[in-house]
Amino acid sequence: MYTTLTLLCSAFFLLNGCQQVEDLTPSVSRYGINSLNASFYGDESSENSFTSEINYETGVITIVFPYNYPRTSENVLTTDDLKKVRVTANLDDNVTISPSLLYMDLTKENFITVTDQSKTKKDYKIVAEIRKSAEAKITDFNLDALGISGIIDELNKTISLISIEPIGEVLAKLSISHGATISPDPRTTALNYDNEVTLTVTAQNGSDKAIYTIRKDVPNKVELGMRNGSDKVLWSKKLQTDLGISALNVTTSLAVTKDYVIVNTRNEPGMILDRKTGTKVGTMPNMQSIIGGLTNFFATADDGNNILICNLAPNAGTYKVWRINGVNGTPELYIDWAASGSTAIGRKLSIKGSLDGDAIITAAIMGDAKSFARWQVKGGVLQSQIPEIVAIPEIGGAWWNNADVVATNPSDPIGDYFVSYYALPRRFAWIDGKTNTFRALGPEISGNWVQNAADYTVFNGNPYAASNSVNSFTWGSDDKIYLFDASSTTTFTEPIWTSPIGTYGGKDNGGQNGNGTGDVILKVSTDGYYMYLYFMFTNGCVVCVQYDCIDM
């Protein structure tokens, strides 16, 4: 038995015992150390990580630090800042470093030995270099005076200025790489952008350069609607601190013409802002005849150059709407309607179209009627002083003082329309104009927030609608604007863009918006390349957001 087992074991070892141990050394030669990174002790900044350059032939590792740290500050980094720097290495498997890494004084040379998997050793010298930036980029370019934003093609170093009209000589606002210079400097020298302009950006290190060509251009458009991700806040103005408005609680509406935004404060002439920059231009000079606490109660504008201002009825008598041609025009009584009984109207007014062509004018009737008044303008002629009264039966309760209705088709009085309202089901509504029933509903909004502004436009062949929700309490900061794709009932159910909360509302700026008021306006640029969303929260801010349809 013993002999048999011995023979079997001997045979096994003869067959298997001569196999060699597997060689774990990689077949491809590597350097063992892949990178060396440094950081400052106790600095939690995301910028606190510095990479290295390794010269494997000379055995020198250079840790590169920026000339300015933080990188966009004016603080200059010095060698004295490098006396105690945390150092870490990225190594291949089974590679070691001696001495062990922890902190280094990089004001002097440091030496390490790297031992790879085959036990081969290589010495490296570690040095530090404070290096000025080699980046030479234009990162933002705008002609604020004209409301033109440059479209930067970094790959081809071109900047396109979208304008059908002449641009001429104008100063620019731009951003370039930190520490870089630009020549000529368009911030201080007005250049003629009707001709091709060349700008040279020189990096902080004085040697790396980039040449950008700026040209007036008419680019291709995306197939339909806005370009995804094109939203940009062009400007934001605080009603109180930026514009100097003191009667904050009664600043409740906007009228947007081709060139201006008019901020309407009851009992004061309308304040004129440059539409493209938000800069205060002045006040409307010829409004004296209609200025009053109940007369210039609400303002809006058509798609031309006409401003409409209404009173509050029946508090101020019959319901009146004045027409003003441009910011320097004189008010002309346009509508004078003796509403029946105690019909309350005048807190909201909307128009779609132009008084010089076709238009639909709508004004919500306040209270529990769930209805609105509608006037038609055809060929520049108001068809009747007496409006059609339209009820919306599916709204589940009284909206009292908070509702706004906007039409979609200036030539069709029974076309679809949109309504924002403070009542059940608390959802921005797309209404079938023939049946006055819900066609589609936006998301439900909390009953804590007041909905009372709506607008609609078509941009690059795609319909859009906008609404708001307002915080009227001493607590909460949920003032919000919603933009919807209204191309179909399925795209309308959720907004495609919303404003950030806690930023533009009354509570976050001038104080509680006790009236729960605000406004929202959609406009399209004359050249058709931009859509603008203007909005305002009483006691808060007036804001302009730009969208484009440029095929990038």
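Would you say Thr330 is under 22 Å from Leu254 (Cβ atoms), hydroxyl-bearing (Ser, Thr, Tyr) and open to solvent by 40 Å² or more (accessible area, probe 1.4 Å)?
yes
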Sort out which residues of the range 349-407 are free of Cβ contacts under 8 Å to residues at least 40 places away in the same chain, assigned to a loop (DSSP other than H, G, I, E, B) and surrounded by fewer than 15 Cβ atoms within 10 Å (Cβ to Cβ), and write them in order of number. Asp368, Gly379, Gly380, Gln383, Ser384, Gly396, Gly397
How about the range 492-510: which of its residues are touching a residue at least 24 places away in the same chain (Cβ under 8 Å), surrounded by fewer than 18 Cβ atoms within 10 Å (Cβ to Cβ) and of a type in the set (A, V, I, L, M, F, W, C)? Trp497, Ile501
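Quick check on the range 516-532. Is at least one of its residues more than 21 Å from Val256 (Cβ to Cβ), open to solvent by less than 10 Å² (accessible area, probe 1.4 Å) and assigned to a loop (DSSP other than H, G, I, E, B)? Give the steps one after another, and end with the answer.
Here is the first cut: in the range 516-532, the residues more than 21 Å from Val256 (Cβ to Cβ) are 516.
Going one step further and asking which of them are open to solvent by less than 10 Å² (accessible area, probe 1.4 Å), we end up with 516.
When the remaining residues are screened for being assigned to a loop (DSSP other than H, G, I, E, B), the result is 516.
Among the residues of the range 516-532, at least one is more than 21 Å from Val256 (Cβ to Cβ), open to solvent by less than 10 Å² (accessible area, probe 1.4 Å) and assigned to a loop (DSSP other than H, G, I, E, B), which makes the answer yes.
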As an exercise: evaluate Gly415 against (1) within 21 Å of Gly518 (Cβ to Cβ); (2) open to solvent by less than 20 Å² (accessible area, probe 1.4 Å); (3) in a loop (DSSP other than H, G, I, E, B) and give the number of the one condition it does not meet. (1)
If you go through the range 465-481, how many residues are of a type in the set (Ser, Thr, Tyr), out of contact with any Lys or Arg (no Cβ under 8 Å at 6 or more places or on another chain) and surrounded by fewer than 24 Cβ atoms within 10 Å (Cβ to Cβ)? 1
Among Asn513, Asn452, Asn539, which is buried (at least 24 other Cβ atoms within 10 Å of the Cβ), on the phi > 0 side of the Ramachandran plot and part of a loop (DSSP other than H, G, I, E, B)? Asn539
Can you spot a residue in the range 162-172 that is hydrophobic (A, V, I, L, M, F, W, C), modelled with pLDDT of 95 or more and farther than 14 Å from Ala145 by Cα? no
Selection over the range 513-548 where residues are more than 20 Å from Ala299 (Cα to Cα) and touching a Cys at 6+ places or on another chain (Cβ under 7 Å) yields a count of 1
Among strands (runs of 3 or more DSSP E) lying entirely in the range 208-295, which contain 2 or more residues that are surrounded by fewer than 16 Cβ atoms within 10 Å (Cβ to Cβ)? 209-217, 232-238, 280-283
Among the residues of the range 492-505, are any in contact with a Lys or Arg (Cβ under 8 Å, 6 or more places away or on another chain), over 22 Å from Trp400 (Cβ atoms) and assigned to a loop (DSSP other than H, G, I, E, B)? yes
Restricted to the range 138-156 and to residues being out of contact with any Lys or Arg (no Cβ under 9 Å at 6 or more places or on another chain) and more than 17 Å from Asp548 (Cβ to Cβ), the residue surrounded by the fewest Cβ atoms within 10 Å (Cβ to Cβ) is Leu155
Could you grab me the full set of residues in the range 68-79 that are under 22 Å from Ile126 (Cα atoms) and open to solvent by 70 Å² or more (accessible area, probe 1.4 Å)? Thr79
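The values are calculated or read from the model by the stated rules, or taken from the named source; none is laboratory data. All of these numbers come straight from a predicted model, not from anything done at the bench. Ideal geometry is used to build each Cβ from the backbone, glycine not excepted, and the neighbour counts take in all protein chains shown. The protein model used for the area step is the full one, side chains on, heavy atoms only, and it has no ligands, DNA or RNA in it. Shrake-Rupley method; radii C 1.70, N 1.55, O 1.52, S 1.80 Å.
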